[in-house]
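The values are calculated or read from the model by the stated rules, or taken from the named source; none is laboratory data. Bear in mind that the values here come from a model prediction, so they are computed numbers and not experimental data. Only protein heavy atoms, including side chains, enter the accessible area calculation; ligands, DNA and RNA are left aside. Shrake-Rupley method; radii C 1.70, N 1.55, O 1.52, S 1.80 Å.
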Amino acid sequence: MSLRRNSMLFATSMSLVLESYCSTKEISEEELNFLERCWLDSLNSIHYNRFPSIAPAVVCDEAGVARGNYWIICNAAILDRLRPIKRGMNRSARIFDVLRQTGVLAAA
């Protein structure tokens, strides 16, 4: 792993890792593990954070979701593609469920 990637993970954010992936199409196992932890944290904290941040168009496009979506939705979609869950509900479906349950997203 390069020094740049190592130091980036030391003081990083989910948005930095996702933006880096979108521009380079490269991601390390360590970065994937970090995004996985961010996804789990978002599931646990969404009840307290009623206003998730919107991801830029380039991240939404890479995630394959509509522009104007939340970072946590983009993270889930990218993780689902790069590290699919073998059984059960995927990350995207789970995050959508939590967002609906908390009222952040309107029920369909």
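What the table below lists for this structure:
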read-out	value
P(r) tail fraction, region 32-108 - alpha-carbon pairs more than 18 Å apart, %	36
Accessible heavy-atom area order of 80, 97, highest first, probe of 1.4 Å	97, 80
Amide H partners (placed H, <5 Å) of residue 69, local residues excluded	55
Carbon plus sulfur fraction of accessible area for region 11-70, probe 1.4 Å, in percent	53
Three-way shape call for region 69-108 based on the alpha-carbon gyration tensor, with the a/c threshold at 1.5	oblate
Segment residue 37-residue 94, extension gain: residue separation times 0.36 nm, minus the distance between their alpha carbons	19.1 nm
Heavy atoms of residue 23: accessible area, 1.4 Å probe, square angstrom to 10	90
